[in-house]
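Structure first, then comments.
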Amino acid sequence: MPEIIDLSQEIYEGMPVFKDLPQVKMEIHNSHEEWAGIKNPEKRTPAVHKLELGEHTGTHVDAINHMGKEYEGQSIDIMPLSMFYTEGICLDFSHKNLNELIEIEDFKAAYTKDKIEIKEKDTVLIYTDHYRKYFNTSDWPFGPGISSDCARWLGAQKISAFGVETMAPGVRKVSNKEVHQICGELGFTHYENMVNLHQLIGRGRFRFIAFPLKIRGGTGSPVRAVAVFE
C-alpha cells in the first residue's frame, strides 16, 4: 500500500490568514435536529456548515492571474490539471532564520547534499520548519523565503511549482512581490502554508498531488496537498 502524507493545514474559524485577506467564518447552516423537526433542541449537530473564506486560505495554490494584472484570464479553472499532479522533491532549508532569503546557492547545496536533482515539471517543496516553530505566533508572518533571483532560476528549470510552509513564497517587503511577478512571467506557480514537510526530507522523490477547486475565474484555491510514496 502507498504511504500518503498530508501536507495541508486544517481550515477553521480564527485561523491565521495573510494580511488583509478574508477571515474564515464557519457556522452551522442546517442541523439534523432542524431537519427532524425538533423544536428548541439542547444541541445542534451539524448537517451542513456555511463557510466564508478567501481563495487564498490555508494550504492553497496561486493561479497565474493572481501574479499581476497582465495575466488576467489565466484563472485557476483553466490551468492544466497536470500542474497539480507531478513528481515532487523536498529540500531542507531549516537552518534559515526569520526573514532570511533563500538563494540559488542554497538550493544547489541542498540538492547536492541529498543527491537529488530538480527535473522539468517537478514540484519543489521548501522545508524551513517555520510551521512547527512559529505557527499562530507573532513571528508566523515573518518566515524565510526565496529571493527574486532564486525564483527566476527555479522558473528556468521549467518546474510546475514550488511550495512553502510560510504565508508567502518570498520575504515580505523584500522579494515577495517580485517572486509573484516572476511566477506569472515564466508560467509556473507556488503553494503556501504547507505542513509536515519534515516527513519528506531525505526520502527522495514522491508523487505530489494538490488539486484546486474549479472556481470560475478564480485567483487561487485551497488544496488538499499530499505526498505519496509507493
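The values are calculated or read from the model by the stated rules, or taken from the named source; none is laboratory data. Treat the numbers as computed from the prediction; the structure is a model and nothing was measured. Backbone-built Cβ (ideal geometry, glycine too); neighbour counts: all protein chains shown. Quick note on the areas: whole protein, heavy atoms, side chains included, nothing else; ligands and nucleic acids left out. Shrake-Rupley method; radii C 1.70, N 1.55, O 1.52, S 1.80 Å.
What to note about this one:
- Residue in segment 170-179 that is surrounded by 22 or more Cβ atoms within 10 Å (Cβ to Cβ), farther than 28 Å from Glu10 by Cβ and touching a residue at least 12 places away in the same chain (Cβ under 8 Å) present: yes
- Segments classed as strands (runs of 3 or more DSSP E), wholly inside segment 186-230, with at least 2 members that are over 21 Å from Tyr134 (Cα atoms), modelled with pLDDT of 95 or more and open to solvent by 30 Å² or more (accessible area, probe 1.4 Å): 206-209
- Options Asp122, Asp129: the member that is of a type in the set (Asp, Glu), at pLDDT 95 or above and at positive phi: Asp129
- Some residue of segment 146-164 being of a type in the set (Ser, Thr, Tyr), closer than 21 Å to Glu72 by Cα, out of contact with any Cys (no Cβ under 8 Å at 6 or more places or on another chain) and modelled with pLDDT of 95 or more: yes
- Complete set of residues in segment 75-84 that are surrounded by fewer than 22 Cβ atoms within 10 Å (Cβ to Cβ) and either in contact with a strand residue (DSSP E or B) (Cβ under 7 Å, 6 or more places away or on another chain) or in contact (Cβ under 8 Å) with a residue 24 or more places away in the chain (or both): Ser75, Asp77, Met79, Leu81, Ser82, Met83
A quick yes/no check of all residues on (1) farther than 25 Å from Ile209 by Cα; (2) not hydroxyl-bearing (Ser, Thr, Tyr):
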residue	(1), (2)
Met1	no, yes
Leu7	no, yes
Glu10	no, yes
Glu13	yes, yes
His29	yes, yes
Trp35	yes, yes
Ile38	yes, yes
Glu42	yes, yes
Thr45	yes, no
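Quick grid of which residues meet (1) under 26 Å from Leu197 (Cα atoms); (2) aromatic (Phe, Trp, Tyr); (3) open to solvent by 30 Å² or more (accessible area, probe 1.4 Å); (4) out of contact with any strand residue (DSSP E or B) (no Cβ under 8 Å at 6 or more places or on another chain):
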residue: Pro2; (1), (2), (3), (4): yes, no, yes, no
residue: Ser8; (1), (2), (3), (4): yes, no, no, no
residue: Tyr12; (1), (2), (3), (4): yes, yes, yes, no
residue: Pro16; (1), (2), (3), (4): yes, no, no, yes
residue: Ser31; (1), (2), (3), (4): no, no, no, no
residue: Pro41; (1), (2), (3), (4): no, no, yes, no
residue: Asp62; (1), (2), (3), (4): yes, no, no, no
residue: Glu72; (1), (2), (3), (4): no, no, yes, yes
residue: Thr86; (1), (2), (3), (4): yes, no, no, no
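- Residue, farthest from Pro212 (Cα to Cα), within segment 143-166, restricted to residues that are among the small types (Gly, Ala, Ser) and part of a strand (DSSP E or B): Gly145
Rundown of residues vs (1) buried (at least 16 other Cβ atoms within 10 Å of the Cβ); (2) in a helix (DSSP H, G or I); (3) within 17 Å of the chain's Cα centre (by Cα), yes/no style:
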| residue | (1), (2), (3) |
| --- | --- |
| Ala110 | yes, yes, no |
| Lys119 | no, no, no |
| Asn136 | no, no, yes |
| Ala168 | yes, no, yes |
| Cys183 | yes, yes, yes |
